[in-house]
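Only one structure is covered here, and it is reproduced in the block below.
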Amino acid sequence: MFRLAIALLLLLPAIARAQGNPIAHFNDEAYWQQCPMVRQLPASPIKASDTAIVVVSNRKPSNDALRYMSEERDGDTLRYYFVYSRGGKWNVLQVASLEKAIQYMPDKSRDWVMCTEGMGKLFTTDLYRGMSMAGQYGVNVILFDYPSITTTKKSLGNYFFAIGNARTAYKDFTPAFEDVKRLKEAGKLGTGNISMFYHSMGNHVIRQMVKRDKIDKLNGEVWISNVILNAACVPRRGHKRWINNIAFAKGIYINYNQDDLTLKMAYLAGKKIQLGNKPVRNISSKAHYVNFNTLCGSGHSNFLSLAGREPAKPVALQYYHTILHGQAPDMKDAKLFGVSSFKKIGVELNP
């Protein structure tokens, strides 16, 4: 146990770095000043060319005028925000409901992505990732934000803080997912596709929803184009059972990498092989398994090009563009895919 603790203390800082940029950068005054809370929309209208997202958060607000969102889960109340780029800043407008936030989106005809991120995210970090996804892929993002790191704990404490909040977040977000379905059925999301994207520890949200029997209201019909389980930091054991219970999506994609360094370190913490690492034993016939190993080596977060990091691979971006827009990639395209090098499970992206 002592050796395990030492290994985690040495290795877990890399988990946060892989999941997002260092916490200090996103918590300094300058960064929070770039994400101000505003009281009203600007006089000139938000245009389709402006980057904008919807945020659903289960965080408690703070009393700090600058760092207005805390590092704690509320547990009682969801908060909704419309975030738009204007004047070199990401302006954050709190609104009364998810429907109200969606009303403000300037181009509801675009495809939609319901995005849940992994470990290492302050409110500002999540904004960065959500706005980056919207800008790079040309999709409307509904970002589900939960506390996944805190300045009050060290590396090991932060790992268990993040996984605890990820496992609990389904209690807060399930009603919001149901609201998205209701708004879709009412024609208030335009005619584009809607997909769900879960990254790393964010996969605990969908896993817990299914395992806790909270998806009945979502499962009545197929209304989601793709469910994307990206580098899933959840146990692989029993995944076939819960994934087979997802009946509301046309396609399910499990993106994995047997050399993913972050997920190998998650194994050290919990002694459970992660689904996004080595998805063997009783794979699901409902899901498409896509291996990133040859393309990305030990990489974990391969879907965005972010400042200060190596750009995402063009082949990866092409693949993500397809599935985030609700389309089905041609798995028989020999230029893009080959047989997976890991036990021939699914396909592998070619470099």
Within the stretch 137-161, work out how many residues are out of contact with any helix residue (DSSP H, G or I) (no Cβ under 6 Å at 6 or more places or on another chain) and within 25 Å of Pro235 (Cα to Cα). 5
What pairs come out if I take residues in the stretch 241-268 that are within 20 Å of Leu295 (Cβ to Cβ) and pair them with residues that are of a type in the set (Gly, Ala, Ser) and in a strand (DSSP E or B) whose C-beta lies under 9 Å away, six or more apart or interchain? Tyr253/Ala287; Ile254/Ala287
Considering only the stretch 236-317, give the helices (runs of 4 or more DSSP H) lying wholly within it that have at least 3 residues that are modelled with pLDDT under 95 and in contact with a strand residue (DSSP E or B) (Cβ under 9 Å, 6 or more places away or on another chain). 261-270
Determine whether Leu143 is more than 18 Å from Asn27 (Cβ to Cβ), at pLDDT below 95 and either outside any loop (DSSP other than H, G, I, E, B) or aromatic (Phe, Trp, Tyr) (or both). no
With the requirement that a residue be surrounded by fewer than 22 Cβ atoms within 10 Å (Cβ to Cβ) and small (Gly, Ala, Ser), what does the stretch 155-195 give you? Ser155, Gly157, Gly164, Ala176, Ala186, Gly187, Gly190, Gly192
Does the stretch 288-303 contain at least one residue that is more than 17 Å from Ala232 (Cα to Cα), of a type in the set (A, V, I, L, M, F, W, C) and without any contact (Cβ under 8 Å) to a residue 24 or more places away in the chain? no
Considering every residue within the stretch 149-157, establish whether at least one is in contact (Cβ under 8 Å) with a residue 24 or more places away in the chain and closer than 19 Å to Ala231 by Cβ. yes
Condition check: open to solvent by 50 Å² or more (accessible area, probe 1.4 Å) and within 24 Å of Tyr159 (Cα to Cα). Does Asp259 satisfy that? yes
When the stretch 132-148 is checked residue by residue, the ones that are of a type outside the set (S, T, N, Q) and farther than 13 Å from Thr116 by Cα are Ala134, Gly135, Tyr137, Gly138, Val139
Consider only pairs whose beta carbons are under 7 Å apart and that are at least six residues apart or on different chains; among these, list those whose first residue lies in the stretch 108-128 and is open to solvent by 10 Å² or more (accessible area, probe 1.4 Å) and whose second residue is hydroxyl-bearing (Ser, Thr, Tyr). Ser109/Thr191
Is it fair to say Ala134 is over 20 Å from Leu229 (Cβ atoms), at pLDDT 95 or above and open to solvent by 20 Å² or more (accessible area, probe 1.4 Å)? no
Failed condition for Met105, given (1) in a loop (DSSP other than H, G, I, E, B); (2) surrounded by 15 or more Cβ atoms within 10 Å (Cβ to Cβ); (3) touching a residue at least 60 places away in the same chain (Cβ under 8 Å): (3)
Given the conditions (1) surrounded by fewer than 18 Cβ atoms within 10 Å (Cβ to Cβ); (2) not in a loop (DSSP other than H, G, I, E, B); (3) not aromatic (Phe, Trp, Tyr), which single one is not true for Lys344? (2)
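For residues in the stretch 236-256 being out of contact with any helix residue (DSSP H, G or I) (no Cβ under 9 Å at 6 or more places or on another chain) and open to solvent by 60 Å² or more (accessible area, probe 1.4 Å), which is nearest to Ala316 (Cα to Cα)?
Lys250
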Candidate set: the stretch 262-291, residues that are under 22 Å from His321 (Cα atoms) and among the hydrophobic types (A, V, I, L, M, F, W, C); chosen: the one surrounded by the fewest Cβ atoms within 10 Å (Cβ to Cβ): Ala287
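The values are calculated or read from the model by the stated rules, or taken from the named source; none is laboratory data. Fair warning: this is a prediction, and the values are worked out from it, not measured in the lab. Cβ sites come from the backbone with ideal geometry, for glycine too, and all protein chains shown count toward neighbours. Accessible surface is based on the protein model in full, side chains and every heavy atom, while ligands, DNA and RNA are left aside. Shrake-Rupley method; radii C 1.70, N 1.55, O 1.52, S 1.80 Å.
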